[in-house]
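Laboratory data are not the source of any read-out in this text; all were calculated from the coordinates shown. Remember, predicted model here, so these are calculated numbers, not experimental data. Glycine also receives a Cβ, built like all others from the backbone with ideal geometry; neighbour counts cover every protein chain displayed.
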Amino acid sequence: MSRAWNNQVSQTSEGRDEMPEDGLKMIPAWSIVLAVAVFLLSMWWFNHGPVPVHRRPGMLPMRLIMGYTTGTALASYVLLVGYVSRDVRRRNMPSALWMLIVVIMPGGIGAVVYFLLRQPLLFRCPNCTTELTAGVHFCSQCRFQVAPVCGQCFRGIQITDAYCQQCGHDVAEDHAPARLRAYSDS
């Protein structure tokens, strides 16, 4: 819940929408078109391609399975490269370097390395525009409260919680700012 609130803050503080955070929306259109083309090319290659691949009549199911399997693997790799190309910019990392690593390293190892070493998502404080990581509750520069916390133990809570899950404190007694108490689905 606080993650959705953080995204809402980052969109309104800069006056523009950031790149989408939903999984499928993170894949660019060029990557989807290229993945479909790679899949269709793979199917054509194994069934009608220039290299004869076992043209015996009994091998048709095997050619279909090989074309489908190879096409799916290559198309998935193209979609992964597209996802990384958009995610690397969202995290303010050097895009040319990471794209080179993901494309050059064989078998998707580059993508695994990327997912292990990628930087956390940042958002801006609505009060002073300092860049903050996604897990913080207060801005380190201006002490602005960016996420709801318990007034007794100062651990993170959900906006809809009536009591702190850690210490049992009544959250309504904290007099938290209205922007942190209001529940909204947007």
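In sequence order, the stretch 38-44 has phi-based couplings of 5, 5, 5, 5, 5, 4, 5 Hz under the Karplus curve 6.51 cos²θ - 1.76 cosθ + 1.60, θ = phi - 60°, and Gly or Pro positions carry x. Using θ = phi - 60° in the Karplus curve 6.51 cos²θ - 1.76 cosθ + 1.60, the 3J(HN,Hα) couplings for the stretch 98-113 round to 5, 5, 4, 5, 5, 6, 7, 5, x, x, x, 5, x, 5, 5, 4 Hz; x is entered for Gly and Pro. Around the amide H of Tyr163, modelled in the peptide plane, lie the amide H atoms of Val171, all under 5 Å away and 5 or more residues distant in sequence or on another chain. Spin-label pair Gln165-Asn127: with each label point 7 Å from Cα along the Cα-Cβ axis, the two points sit 2.6 nm from one another. Amide H contacts under 5 Å for Val149: Ile157, restricted to partners 5 or more places along the chain or on a different chain, H placed in the peptide plane at 1.01 Å from N.
In this structure the amide hydrogen of Phe138, modeled in the peptide plane, comes within under 5 Å of the amide hydrogens of Val146, none closer than 5 places in sequence on its chain.
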